[in-house]
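What follows is a single structure, written as structure tokens, with notes after it.
The values are calculated or read from the model by the stated rules, or taken from the named source; none is laboratory data. This is a predicted model, so every value here is computed, not measured. Note: ideal-geometry Cβ built from the backbone for every residue, glycine included; neighbour counts use all protein chains shown.
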Amino acid sequence: MNTHPQPMMRAAVIGAGIVGLTTGLALQRAGVQVTVYERAPEIRSTGTTLGLWVNAMAVFDTLGVGEQIRANVSPARCTSTTQTDAC
């Protein structure tokens, strides 16, 4: 019988974008010691649009951050996929 405690699993996540941060959070919730590495010295707005589909929001809800995300977003005004569609 092994009486020694198991060491905590550790993971490094490279990149603190939406995927890296979500991965880090999910691993942390699963009991993994996570370190997220980011090359940029600060997080700043880039003026781009990020579409979050229903499945992504379901993941955020599962991780407990869905409501925080919803409180800080603006719904898209246009869902056109081609330039010829009028928005």
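Tabulated results
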| quantity | calculated |
| --- | --- |
| Long-range neighbours under 6 Å by Cβ, at least six apart or interchain, first residue over 19 Å from Met57 (Cα atoms) within the range 19-36, second part of a loop (DSSP other than H, G, I, E, B) | Val32/Met9; Gln33/Met8; Val36/Ala16 |
| Members of the range 22-41 that are under 21 Å from Leu52 (Cα atoms) and either modelled with pLDDT under 95 or β-branched (Val, Ile, Thr) (or both) | Thr22, Thr23 |
| Restricting the range 1-58 to residues that are small (Gly, Ala, Ser) and in a strand (DSSP E or B), the residue that is surrounded by the most Cβ atoms within 10 Å (Cβ to Cβ) | Ala11 |
